[in-house]
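The values are calculated or read from the model by the stated rules, or taken from the named source; none is laboratory data. Please read these numbers as outputs of a predicted model, since none were measured by experiment. Note that each Cβ is placed from the backbone with ideal geometry, even for glycine, and that neighbours are counted across all protein chains shown. Note: areas computed on protein heavy atoms with side chains; ligands, DNA, RNA excluded. Shrake-Rupley method; radii C 1.70, N 1.55, O 1.52, S 1.80 Å.
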Amino acid sequence: MFKKKVDIIGFGAFGRLLADLLKDHADIRICDPNDVAQAAAWSRGFDVIAAHELRGADFIILAMPLSAMAGVLAEISTHLEAGQTVVDVCSVKEQPVALMQGLLPDHISLLGTHPMFGPHSISAGTRGLQIVICPVRCPKWRSLARFLRLTFGFDIIVTTPEDHDEQAAMTQAMTHILSRAIGELGASTAIRTKSFDLMMEGFAMVRGDSPEVFDAVVNGNRHAKSVRDRLIQGLMRAF
């Protein structure tokens, strides 16, 4: 990020992934009140800061569950200054964008993003992986998109929060729903087809996600219910 200063709020699995990806390109600091998270940040060589120390960062990345976002935004809103850009990386976009617009000052740039990958799907590298960008009010978004594309080989998709959630309901929410449903069947057998193995590999990529991720992807996306209902209807018609 041309050695920009980047503060990451939240040092769970995805916060750690972001910090590791960006550490050679930006000055990274971590903001997380959890003692375990702070110890993990220190062990990786990152400075740990409090919310009132966010001033001075070029980008502030929100890497926490959707359920925690309103409280975090309310806490940091008075500690931000003009010229800073707040970026969310939540799996849905309409709710986080609305929260940022409602709780952060007008002089703060806002960028909604959704990296379409996680710790379990990035082992083969970043080239070709998608990042969705929703430029809410962010004049810098083009330079950021260019950096991500040229540095990591990400495929950048620019759209609206509404369009993102509608499309993600089909691709992401349905994958999580099917993964949970198949898991409850206990579908483990010695007689297997290659197509079954490939399907199970795909479901395994999301099965390790936290309950907060499932809740955001399925319950935090207003379009997911429609996809679930269509899936149920399709299964009924199959018989």
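Kindly provide the set of residues from the stretch 123-134 that are in contact with a strand residue (DSSP E or B) (Cβ under 8 Å, 6 or more places away or on another chain), assigned to a loop (DSSP other than H, G, I, E, B) and on the phi < 0 side of the Ramachandran plot, ordered by number.
Hit for the stretch 123-134 is Leu129, nothing else.
Could we say that Ser121 is closer than 20 Å to Gln172 by Cα, open to solvent by 30 Å² or more (accessible area, probe 1.4 Å) and not aliphatic (A, V, I, L, M) here? I'd like the intermediate steps shown before the answer.
Numbers: closer than 20 Å to Gln172 by Cα: yes; open to solvent by 30 Å² or more (accessible area, probe 1.4 Å): yes; not aliphatic (A, V, I, L, M): yes.
It is true that Ser121 is closer than 20 Å to Gln172 by Cα, open to solvent by 30 Å² or more (accessible area, probe 1.4 Å) and not aliphatic (A, V, I, L, M).
Examine the stretch 186-203 for a residue that is surrounded by 14 or more Cβ atoms within 10 Å (Cβ to Cβ) and among the charged types (D, E, K, R), and state whether such a residue exists.
Among the residues of the stretch 186-203, not one is surrounded by 14 or more Cβ atoms within 10 Å (Cβ to Cβ) and among the charged types (D, E, K, R), which makes the answer no.
Taking the stretch 111-133, which residues are modelled with pLDDT under 95 and touching a Lys or Arg at 6+ places or on another chain (Cβ under 6 Å)?
Matches in the stretch 111-133: none.
Scan the stretch 82-98 for residues that are under 24 Å from Ile156 (Cβ atoms) and either basic (Lys, Arg) or open to solvent by 50 Å² or more (accessible area, probe 1.4 Å) (or both) and report the count.
Step one: filter the stretch 82-98 for residues under 24 Å from Ile156 (Cβ atoms), giving 83-98.
Still in the running and either basic (Lys, Arg) or open to solvent by 50 Å² or more (accessible area, probe 1.4 Å) (or both): 93, 95, 98.
Matching residues across the stretch 82-98 total 3.
Take Arg180 and decide whether it is within 21 Å of Gly12 (Cβ to Cβ), among the basic types (Lys, Arg) and open to solvent by 20 Å² or more (accessible area, probe 1.4 Å). First the steps, then the outcome.
On the way: within 21 Å of Gly12 (Cβ to Cβ): yes; among the basic types (Lys, Arg): yes; open to solvent by 20 Å² or more (accessible area, probe 1.4 Å): yes.
Judged against the criteria, Arg180 is a match.
How many residues does the stretch 217-231 contain that are at pLDDT 90 or above and in a helix (DSSP H, G or I)? Lay out the reasoning, then the answer.
Here is the first cut: in the stretch 217-231, the residues at pLDDT 90 or above are 217-230.
Now drop any that are not in a helix (DSSP H, G or I), which leaves 217-219, 224-230.
Result for the stretch 217-231: 10.
Could you name every one of the helices (runs of 4 or more DSSP H) located completely within the stretch 135-197 that has at least 1 residues being closer than 17 Å to Gly208 by Cα?
Values: elements: 141-152, 161-168, 174-185.
Because the criterion is at least 1 residues that are closer than 17 Å to Gly208 by Cα, the helices (runs of 4 or more DSSP H) in the stretch 135-197 that meet it are 174-185.
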